[in-house]
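Just so it is clear, none of the values below were taken in a lab; they were calculated from the coordinates. In this text, all values refer to a predicted model and were calculated from it rather than measured experimentally. Glycine also receives a Cβ, built like all others from the backbone with ideal geometry; neighbour counts cover every protein chain displayed.
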Amino acid sequence: MKDQEQKQPPAFTDVDPLRDTYRRSITHLPAIKRSLEHHNTALLCIDMQYLDAARGHGVFASAESANMPPEAQDYYFDRLEQAVLPNVARLQAAFRARELEVIHTRIQSLTPDGRDRGPGHKRLGLHAPPGSKDAEFLEVVAPLENEIVINKTASGVFNCTNIEYVLRNLKIDGLFVVGVYSNECVSTAIRDACDLGFYVTLIADGCTTVTPELQKATLTTMKDRYARVMTTEDAIAELHAVIDP
């Protein structure tokens with residue numbers, strides 16, 4: 001009996017022992033709702049463009065360029081088309097209706113030949129020249145006139161652009177984050193934003209990536225460490241509760 005008890009895993013293997021500390025200090029502060037009340041929160045839409053979010057374009061232009069089996073592409077695009085894009089569009093409408101900033105990032109080089117791209121994008125062959133179809137936003141979630149667009153040539157928008165400077169000028173200290181891929185550009189932005197002191201909320205059904213395992217791992221890693229994680233429905237309900245009364 002004693003040997004069996006010793007073989008049982010300790011309680012902390014199934015429970016995050018630091019969750020409550022991070023929730024109190026980072027991800028569930030009263031300041032998050034004050035940021036919404038004062039219109040200091042923005043919706044950050046990451047890389048919703050033809051390069052990486054449209055069938056038959058960019059990295060998915062052919063089976064060879066995608067380097068992904070058809071089943072994997074189907075998972076990604078089914079989730080994108082059936083859930084993520086409609087949810088992002090709903091969130092954009094909700095933010096716009098309350099005169100909150102909607103900010104867009106995309107992969108786009110400064111030069112037609114892409115010589116200014118970051119080393120990682122060069123190695124991966126990721127390139128969306130100015131004016132190209134790959135650099136265009138998907139119409140259903142495209143920026144409206146006067147919305148801010150940040151172009152980038154690396155995974156992390158905070159380490160390769162002036163977005164922090166722009167957000168500080170706008171007096172933005174809270175971010176609701178959506179886009180693709182969850183485990184790459186989205187999670188990098190969240191980690192960097194959190195480290196820089198922004199209050200971050202990740203919309204679980206407003207982002208996706210190429211496998212369910214990567215999606216689950218990303219949400220698990222971000223939650224109660226770098227961001228609150230909530231659904232589109234809950235996010236819109238919060239906007240209504242905090243801003244509309």
_Mean ellipticity per residue at 222 nm, deg cm²/dmol - from DSSP H runs of n ≥ 4 across the chain, formula -39500 (n - 2.57)_ = -10500 deg cm²/dmol
*Report the one residue of Ala97, Pro119, Tyr75 whose Cα lies farthest in the direction of the positive end of the charge dipole of the chain (charges on C-beta: Lys and Arg +1, Asp and Glu -1; origin at the Cα centre).*
Pro119
*Any chance you could count the Lys pairs in the stretch 19-243 whose alpha carbons are under 18 Å apart, treating pairs 8 or more apart or on different chains as valid?*
4
*asked:* If you average the alpha carbon positions of the stretch 79-104 and of the stretch 19-42, how far apart do those two centres end up, in angstrom?
replied: 21
_Among Met230, Leu175, Ile26 - extreme Cα towards positive end, dipole of the chain, charges at beta-carbon_ = Ile26
*Could you give the dipole magnitude of the stretch 19-243 about its Cα centre, charging the beta-carbon of Lys and Arg +1 and that of Asp and Glu -1, in debye to the nearest 20?*
660
*In debye, nearest 20, what is the charge dipole magnitude of the stretch 50-101 about its Cα centre with +1 on Lys and Arg Cβ and -1 on Asp and Glu Cβ, if you could check?*
280
*What fraction of the Cα pairs in the chain, stated in percent, has a spacing above 22 angstrom?*
55
*Of Ala128, Pro86, Asn159, which is farthest along the charge dipole of the chain in the positive direction, counting Lys and Arg as +1 and Asp and Glu as -1 at C-beta?*
Asn159
_What number do you get for the stretch 126-245 when its Cα radius of gyration is normalised by 2.2 N^0.38 Å, N = residues?_
1.10
